[in-house]
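Just below is one structure, and these are the notes that go with it.
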Amino acid sequence: MDDVVVIGLGQMGGVFARAAEGAGCRVVPVTRGQDIAEVARETPAPRSVVVAVGELDLTAALDALPAGYRERTLLLQNELLPSSWTERGVVDPTVAVVWFEKKATTDLRPIRSTPIAGPQREFWVAALAGLGVPTHAVPDEQLLFELVAKNLYILTANIAGLEVGGSVGQLLAAHRPLAEVVAREVIAVQAALTGQELDFDALFAHFEASVAGDPEHGCRGRTSASRLDRLQHHARALGVPTPRMDAIASVY
């Protein structure tokens, strides 16, 4: 029986743990404060190491990974970019760009199919499919587009939502100019962070398709203001002008 180590047993970690169990693996949970080095001594060669901590805890979690776990890592956080792992010495992770929700009071709710890239992609596509989660494997060269597309959806909805509230469907239907200008600023920052040219038209078309998958999804969440603050911090550090986001931030 293969082992799958799951670091962080919140709602998302629980989904991946159940998927691994359904695929016939033994799940080794790692809770907050537990010594990951001790876990690695007892489970030195797991099939996969799912890092399911929140975005703000990711850097510390990756820094703490033992050497033997770094090549087996699966990442699933929001706001990921390749620098999120390369700067922490993780070279070739599997990455799931998660397009489903799981909350304590609700069942799994997909918005669109979840793309997975990296060396363990086929295993995790099959494992998540066992839970009824729409997933598909993508080549590694497509991963950056998928990550930026997810970041665009979250950041545009959250930041524009600070101003207008409502749902993502209402944002496009009633406030499309706002959505487009915020999206352009988000993409400009993402391009500066990655050092890559990014196709606004393709990314915004992806945004529109994601909105169509769940038009009632709320724009504004409890982390919207902190997401805006982080994006502004990056923009200032990189010299990217973001006048519309700055105007929103001046109110919130």
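The values are calculated or read from the model by the stated rules, or taken from the named source; none is laboratory data. Remember, it's a predicted structure, so these values are computed and weren't measured experimentally. Cβ atoms come from the backbone with ideal geometry, glycine included; neighbour counts cover every protein chain shown. What goes into the accessible areas is simple: the full protein's heavy atoms, side chains included, and nothing from ligands, DNA or RNA. Shrake-Rupley method; radii C 1.70, N 1.55, O 1.52, S 1.80 Å.
Being within 22 Å of residue 234 (Cβ to Cβ) and under 19 Å from the mean Cα position of the chain (by Cα) is the filter here; which residues of the stretch 162-184 pass it? Full working, then the answer.
Taking the stretch 162-184 first, the residues within 22 Å of residue 234 (Cβ to Cβ) are 162-163, 178-184.
183, the sole residue that qualifies.
Cβ-Cβ distance below 6 Å, separation of 6 or more or different chains: which pairs start in the stretch 1-28 with a residue that is more than 14 Å from residue 125 (Cα to Cα) and of a type in the set (A, V, I, L, M, F, W, C) and end on one that is open to solvent by 40 Å² or more (accessible area, probe 1.4 Å) and in a strand (DSSP E or B)?
Taking only residues 6 or more apart or on different chains, the pairs are 1/26; 6/29; 9/29.
Just to confirm my filter: which helices (runs of 4 or more DSSP H) fall fully inside the stretch 102-189 and include at least 3 residues that are open to solvent by 50 Å² or more (accessible area, probe 1.4 Å) and in contact (Cβ under 8 Å) with a residue 12 or more places away in the chain?
On the way: elements: 121-129, 143-164, 168-174.
In the stretch 102-189, 121-129 are the helices (runs of 4 or more DSSP H) which contain 3 or more residues that are open to solvent by 50 Å² or more (accessible area, probe 1.4 Å) and in contact (Cβ under 8 Å) with a residue 12 or more places away in the chain.
Could you list, in sequence order, all residues of the stretch 11-34 that are in contact with a Lys or Arg (Cβ under 9 Å, 6 or more places away or on another chain) and either closer than 19 Å to residue 100 by Cα or open to solvent by 70 Å² or more (accessible area, probe 1.4 Å) (or both)?
Matches in the stretch 11-34: 11, 12, 14, 15, 20.
Just one of the numbered conditions (1) touching a helix residue (DSSP H, G or I) at 6+ places or on another chain (Cβ under 9 Å); (2) modelled with pLDDT of 95 or more; (3) surrounded by fewer than 14 Cβ atoms within 10 Å (Cβ to Cβ) is not true of residue 73; which one?
Answer for residue 73: the failing condition is (3).
Go through the stretch 76-92 and give me each residue that's part of a helix (DSSP H, G or I) and either of a type in the set (Ser, Thr, Tyr) or modelled with pLDDT under 95 (or both). Even if it seems obvious, please write down each step before you answer.
Of the stretch 76-92, the ones part of a helix (DSSP H, G or I) are 82-86.
Listed by number, the residues that qualify are 83, 84, 86.
Kindly list the number of the only condition in (1) surrounded by fewer than 17 Cβ atoms within 10 Å (Cβ to Cβ); (2) without any contact (Cβ under 8 Å) to a residue 24 or more places away in the chain that fails for residue 59.
Tallying (1) surrounded by fewer than 17 Cβ atoms within 10 Å (Cβ to Cβ); (2) without any contact (Cβ under 8 Å) to a residue 24 or more places away in the chain, residue 59 fails exactly one: (2).
Looking at the stretch 43-61 only, could you name the residues that are within 21 Å of residue 151 (Cα to Cα), at pLDDT 95 or above and assigned to a loop (DSSP other than H, G, I, E, B)?
52, 53
Name the residues in the stretch 211-238 that are open to solvent by less than 60 Å² (accessible area, probe 1.4 Å) and out of contact with any helix residue (DSSP H, G or I) (no Cβ under 8 Å at 6 or more places or on another chain), would you? Walk me through it before giving the result.
From the stretch 211-238, those open to solvent by less than 60 Å² (accessible area, probe 1.4 Å) are 211, 213-215, 217-219, 221, 223-228, 231-232, 235; that's our starting set.
Scanning the stretch 211-238 gives 213, 226.
Residue 247 versus (1) in a helix (DSSP H, G or I); (2) open to solvent by 40 Å² or more (accessible area, probe 1.4 Å); (3) touching a residue at least 40 places away in the same chain (Cβ under 8 Å); (4) closer than 21 Å to residue 176 by Cβ: which is the lone unmet condition?
So the condition that residue 247 fails would be (3).
Report whether or not residue 113 is in contact with a His (Cβ under 9 Å, 6 or more places away or on another chain) and over 17 Å from residue 6 (Cα atoms). Spell out the reasoning first.
Working: in contact with a His (Cβ under 9 Å, 6 or more places away or on another chain): yes; over 17 Å from residue 6 (Cα atoms): yes.
Yes.
Tell me, which residue of the stretch 35-56 that is among the charged types (D, E, K, R) and in contact (Cβ under 8 Å) with a residue 24 or more places away in the chain is most open to solvent (accessible area, probe 1.4 Å)?
Initial filter on the stretch 35-56 (among the charged types (D, E, K, R)): 35, 38, 41-42, 47, 55.
From the residues that got through so far, the ones that are in contact (Cβ under 8 Å) with a residue 24 or more places away in the chain too are 47, 55.
On the way: 47: 110, 55: 65 Å².
The residue in question is 47.
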